[in-house]
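What follows is a set of notes on a single structure, which appears directly below.
Bear in mind these aren't lab numbers, they're just calculated from the coordinates by the rules spelled out. Remember, predicted model here, so these are calculated numbers, not experimental data. Cβ sites come from the backbone with ideal geometry, for glycine too, and all protein chains shown count toward neighbours.
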Amino acid sequence: MSAKETSFSDRAAASAKAKQALLERAKAMSPTNDPGYAERQAARLAAAQAREARLAERKAAKIAEEKRRAEEAAIAEAARIEAARIAEEERLAAERAEADRLVALEAEQKAARDARYAARKARSGKKR
């Protein structure tokens with residue numbers, strides 16, 4: 001029989017035999033048959049767990065840093081508000097002191113004016 005005279009069943013059997021051979025070769029090359037496979041898998045697993053632990057640690061550190069910054073910002077804001085309140089109180093006290101000084105100056109000027117007026121009236125009253 002030549003290659004062109006093969007029947008369908010012969011071709012199907014040859015195909016199945018080739019597929020079986022490929023399957024057996026693939027099974028033989030499987031990494032699970034390799035003696036170092038379990039060690040490499042264990043190393044990969046340990047590396048993955050260590051990576052996850054580092055990520056969790058970084059995340060916890062980041063959260064702690066954000067919390068610390070928020071607390072510092074709150075303290076700084078409270079200090080800023082307190083400083084603004086103190087500055088406002090000092091400004092108001094300065095305004096009150098200036099107003100008191102002006103009132104005292106006006107009273108002093110009025111007293112001097114009244115004294116001059118009284119002196120002038122006293123002088124003009126003596127002449128008549």
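Rounded to the nearest 20 debye, the dipole magnitude of the chain is 1180 debye, with +1 charges on Lys and Arg beta carbons, -1 on Asp and Glu beta carbons, and the Cα centre as origin.
Given Ala93, Ala73, Ile63, which one lies farthest toward the positive end of the charge dipole of the chain, if we put +1 on the Cβ of every Lys and Arg and -1 on the Cβ of every Asp and Glu? Of the candidates, Ala93 comes out farthest on the positive side. The angle between the Cα long axis of helix 37-127 and the longest principal axis of the Cα atoms of the chain comes to about 10 degrees, rounded to the nearest 10.
Net charge in the neighbourhood of Glu71 (other residues with Cβ under 12 Å of its Cβ; Lys, Arg +1, Asp, Glu -1) is -1.
Along its principal axes, the chain has C-alpha extents of 169, 39, 13 angstrom, given from the largest down.
Taking the chain, how many lysine pairs are there with alpha carbons less than 17 Å apart, if each pair must be eight or more places apart or span two chains?
Total qualifying Lys-Lys pairs in the chain comes to 4.
Relative to the longest principal axis of the Cα atoms of the chain, the long axis of helix 8-28 makes an angle of roughly 50 degrees.
Do the sum for the chain: with -39,500 (n - 2.57) for every DSSP H run of n ≥ 4, divided by all residues, what is the mean residue ellipticity at 222 nm, to the nearest 500 deg cm²/dmol?
-33000 deg cm²/dmol
Using the Cβ atoms and a cut-off under 14 Å, what net charge is assigned to the surroundings of Ile81, where Lys and Arg are +1 and Asp and Glu are -1?
Its environment carries a net charge of -2.
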